[in-house]
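The values are calculated or read from the model by the stated rules, or taken from the named source; none is laboratory data. Since this is a predicted model, take the numbers as computed values, not measurements. Every residue, glycine as well, gets a Cβ built from its backbone with ideal geometry; the counts of neighbours run over all protein chains shown.
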Amino acid sequence: DQQVKQNSPSLSVQEGRISILNCDYTNSMFDYFLWYKKYPAEGPTFLISISSIKDKNEDGRFTVFLNKSAKHLSLHIVPSQPGDSAVYFCAAGPGGGADGLTFGKGTHLIIQP
Amino acid sequence: DSGVTQTPKHLITATGQRVTLRCSPRSGDLSVYWYQQSLDQGLQFLIQYYNGEERAKGNILERFSAQQFPDLHSELNLSSLELGDSALYFCASSPGRVKAGNTIYFGEGSWLTVV
């Protein structure tokens, strides 16, 4: 049973446009949500996070939105740049169980020139 | 550089064999996590240790085991290896419980290929 779902395995966006990556979760005990970015042959790196008491967090070109009632979060990247091409993982925690994070399967973002 | 060190980076071994993956967490971090990334499965949580004690178990097979030593480094032991165990194994660490304002930091992973 996947508690964190990223339903789009891949997404292609033109350079300069907005990239929107989506994530849904089922565990209502999750109170902290994060996005990680992963390049090939590297470990995931932390990108941005949001606490469940907020509905928006912004950091430069990256904004994460949280809709608790819909159990949905999204990551907006604007403008998209070629270096943004990577796999993006949505993660949630702690969820009342492990202290760590539960990850989605990832979305491969491809920025087209 | 996340500060989490994993060895070896690459490993090729035969079915039925046993391997040990090693992880040194970031300085000061008490929690160590092991994740497995297979082709279609994203990051699957295997197990967590906190200050030497097992804290939580995820989708870890009985053929796999882990431990965290007094110096806080951790080892993941994989035995009776099967072809399907081929994957990227990540170690991550955090100071303690993940909560708003902190995160977990990943190493670069250990590529295991079982032939």
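Points worth noting:
- Tabulated pairs, the range A:13-38, first touching a residue at least 24 places away in the same chain (Cβ under 8 Å) and buried (at least 17 other Cβ atoms within 10 Å of the Cβ), second among the β-branched types (Val, Ile, Thr) and assigned to a loop (DSSP other than H, G, I, E, B), C-beta under 7 angstrom, 6+ apart or interchain: A:Tyr32/B:Val98; A:Leu34/B:Thr103
- Residues satisfying the stated conditions in the range A:16-53, i.e. of a type outside the set (A, V, I, L, M, F, W, C), over 20 Å from B:Gln37 (Cβ atoms) and at pLDDT 90 or above: A:Gly16, A:Arg17, A:Ser19, A:Asn22, A:Asp24, A:Thr26, A:Ser49
- Among the residues of the range A:96-103, some residue qualifies, meaning at least one is within 14 Å of another protein chain (Cβ to nearest Cβ), in contact with a Cys (Cβ under 9 Å, 6 or more places away or on another chain) and either surrounded by 22 or more Cβ atoms within 10 Å (Cβ to Cβ) or under 28 Å from B:Gly109 (Cα atoms) (or both).
- Total residues in the range A:1-45, condition more than 10 Å from chain B (Cβ to nearest Cβ), part of a loop (DSSP other than H, G, I, E, B) and more than 12 Å from the chain's Cα centre (by Cα): 12
- Taken together, the criteria place B:Gln36 among residues that are closer than 19 Å to B:Ile104 by Cβ and crowded, with 17+ Cβ neighbours inside 10 Å.
- Given (1) free of Cβ contacts under 8 Å to residues at least 24 places away in the same chain; (2) within 10 Å of the chain's Cα centre (by Cα); (3) surrounded by fewer than 17 Cβ atoms within 10 Å (Cβ to Cβ), index of the condition A:Ser74 fails: (1)
- On inspection, B:Asp71 does not qualify as within 19 Å of A:Ala41 (Cα to Cα) and part of a loop (DSSP other than H, G, I, E, B).
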